[in-house]
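The values are calculated or read from the model by the stated rules, or taken from the named source; none is laboratory data. Given the structure is predicted, the values throughout are model-derived calculations rather than measurements. So basically every Cβ, Gly included, is an ideal-geometry build from the backbone, and we count neighbours across all protein chains shown. Calculation scope for accessible area: heavy atoms of the full protein, side chains included, ligands and nucleic acids excluded. Shrake-Rupley method; radii C 1.70, N 1.55, O 1.52, S 1.80 Å.
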Amino acid sequence: ALRQVFEVETHPDILIGYYNGAYLKPLNVDIDTERPRPSPDLDQVIEWMGANPDLFVSFERPKSGVQVSIQKSNLRFASAFVEAVSALPALLDKRLRLDASAHSYDLVIADASKHHVVKAVASEITDGASVLCLGDSGTIIGNDHELLSHSGGISVDAVCCDSRGSWTLFGHEKSGPDA
């Protein structure tokens with residue numbers, strides 16, 4: 001959708017952070033053809049999910065890569081899924097991490113960080129300028145917490161209780177895409 005909005009000549013200058021910041025590419029790169037190198041740890045979790053269909057209302061094998069998103073609506077019991085996946089060796093050893101948003105759980109490589117995007121953008125802008133970050137899940141357990149926990153962090157939904165960031169412009173009146 002962003003390619004439709006911005007002029008083609010600007011695409012190489014627009015940095016996109018995919019998969020919770022695990023894969024940074026300019027807008028002119030098609031990530032369907034230029035995929036990130038798959039994580040063997042994540043591949044093992046994908047195999048485990050396929051072997052545990054009872055956790056899911058429906059299960060479609062995700063693509064291999066650096067992140068797997070599981071829609072909460074596809075889980076029989078979210079708490080059972082979280083408990084089971086959290087006991088896997090790759091999560092216990094902190095090679096992978098489980099993040100939550102309002103609608104999904106993300107299994108990502110441990111060093112993935114939306115803050116990588118902020119750092120990359122900040123390195124390209126004028127000294128003293130700020131990076132404005134928008135997200136929807138700024139609570140302490142939200143998948144946007146790290147991204148929004150600074151003075152330039154704006155949430156269009158859940159915020160953390162840290163006065164240094166994760167601001168909301170709309171309170172509880174509007175959230176998500178409407179905000």
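Hey, what number do you get for the chain at 222 nm if only DSSP H runs of n ≥ 4 count, each worth -39500 (n - 2.57), divided across all residues, to the nearest 500?
Values: 6 runs with 41 residues, N = 179.
The per-residue figure over the chain is -5500 deg cm²/dmol.
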Distance in nm between His11 and Ser73 label points, each 7 Å along Cα→Cβ, equals 3.1 nm
Would you please give the FRET efficiency between Asn52 and Asp111, computed as 1/(1 + (r/R0)^6) with r the Cβ-Cβ distance and R0 = 35 Å, to the nearest 0.05?
0.85
In the Gaussian network model of the chain, springs joining C-alpha atoms below 10 Å, which of Val159, Val118, Val57 carries the largest mean-square fluctuation?
Val57
Rounded percent of accessible protein surface that carbon and sulfur make up, segment 1-95, 1.4 Å probe
52 percent
How compact and how long is segment 6-86, expressed as Rg and Dmax of its alpha-carbon atoms in Å?
16.0, 48
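How large is the dipole of the chain about the Cα centre if only Lys and Arg carry +1 and Asp and Glu carry -1, each at its Cβ, rounded to the nearest 20 debye? Present the calculation step by step, with values, prior to reporting the outcome.
On the way: 15 positive and 25 negative charges, 63 e Å.
Dipole about the Cα centre, nearest 20: 300 debye.
Calculate, for the chain, the solvent-accessible area per residue in square angstrom, rolling a 1.4 angstrom probe over the heavy atoms of the protein chains.
Details: 10760 Å² over 179 residues.
Accessible surface, normalised per residue, equals 60 Å².
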Percent antiparallel among DSSP beta bridges confined to the chain, rounded to 5, stands at 70 percent
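Using the Cα centre as the reference, give the magnitude of the dipole from point charges on the C-beta atoms of segment 35-97 (Lys, Arg: +1; Asp, Glu: -1; all else neutral), rounded to the nearest 20 debye.
Details: 9 positive and 7 negative charges, 61 e Å.
Using only the charged Cβ atoms, the result is roughly 300 debye.
For segment 107-160, rounded, prolate or oblate, judged on the Cα gyration tensor with a ≥ b ≥ c (square roots of eigenvalues), a/c < 1.5 rounded, else prolate if a/b > b/c?
Values: a/c = 2.93, a/b = 1.35, b/c = 2.17.
Judged from the Cα gyration tensor, segment 107-160 comes out oblate (a/c at least 1.5, b/c at or above a/b).
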Expressed as a rounded percentage, what relative contact order does segment 1-54 have, with Cα pairs under 8 Å and six or more residues apart?
24 percent
Radius of gyration and Dmax over the Cα atoms of the chain, both given in Å
17.4, 53
